Amino acid sequence: EVSATATTISLSFGGGETEAQLGGAPLLSYGLFRGSTALIGVDSYSTDTTFTDSGLTAGVEYTYTYKILNKHGWSDVSPSVTIKASETPTIIPNPPTTANSGLSVSISWDAPTSDNGSAITAYTVQVKKSDGSF
């Protein structure tokens, strides 16, 4: 899971590995890297699986990988993920429109007129139940 603002990138990584997947030894640390720079888990052990990288530059792409450490040593590097620090669009679109038909609901909306230089790649639709939960 990843989220980004103009100056921060928050990501989740690793987690859920079994001892068998770790070569029969317990996990000691995750090492998270931006490029070749260690962010957590290398100078001191960390079993955290979330991290927020801050002080970044809007519009710049950053590449992250991680490794796992147990008593046998470090694993190979994970596949990389590249994320762009970006501004949240500041132009608020019109409210969505809905149409009910039996047991279905159709939702439509207008795309923002500006993406502040970063392509919009997804929309999230949340349904709020009558009890207030999502």
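The values are calculated or read from the model by the stated rules, or taken from the named source; none is laboratory data. In this text the structure is predicted, and so the values were computed from the model without any measurement. In this analysis, Cβ positions are derived from the backbone assuming ideal geometry, glycine residues included, and neighbour counts consider all displayed protein chains. What goes into the accessible areas is simple: the full protein's heavy atoms, side chains included, and nothing from ligands, DNA or RNA. Shrake-Rupley method; radii C 1.70, N 1.55, O 1.52, S 1.80 Å.
Values for this structure:
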{"quantity": "Members of region 1-18 found to be at pLDDT below 90, part of a strand (DSSP E or B) and open to solvent by 40 Å² or more (accessible area, probe 1.4 Å), listed by number", "calculated": "Val2, Ser3"}
{"quantity": "Subset tally (residues that are small (Gly, Ala, Ser) and touching a Leu at 6+ places or on another chain (Cβ under 9 Å)) for region 62-85", "calculated": "2"}
{"quantity": "Qualifying residue in region 25-43 (condition: modelled with pLDDT under 90 and of a type in the set (D, E, K, R))", "calculated": "yes"}
{"quantity": "Close pairs from region 28-44: first farther than 19 Å from Glu61 by Cβ and in contact (Cβ under 8 Å) with a residue 40 or more places away in the chain, partner in a strand (DSSP E or B) and open to solvent by less than 60 Å² (accessible area, probe 1.4 Å), Cβ under 7 Å, at least 6 apart", "calculated": "Leu28/Leu69; Leu28/Asn70; Ser29/Leu69; Gly31/Ala38; Gly31/Tyr66; Gly31/Lys67; Gly31/Leu69"}
{"quantity": "Per-region count, region 24-38, residues buried (at least 17 other Cβ atoms within 10 Å of the Cβ) and of a type in the set (Gly, Ala, Ser)", "calculated": "2"}
{"quantity": "Conditions (1) open to solvent by 70 Å² or more (accessible area, probe 1.4 Å); (2) part of a strand (DSSP E or B): number failed by Gln21", "calculated": "(2)"}
{"quantity": "Number of the condition not met by Asn100 [criteria: (1) open to solvent by 80 Å² or more (accessible area, probe 1.4 Å); (2) part of a loop (DSSP other than H, G, I, E, B)]", "calculated": "(2)"}
{"quantity": "Subset of region 39-66 that is among the β-branched types (Val, Ile, Thr), under 14 Å from the mean Cα position of the chain (by Cα) and open to solvent by 50 Å² or more (accessible area, probe 1.4 Å) - its residue that is farthest from Ala85 (Cα to Cα)", "calculated": "Thr50"}
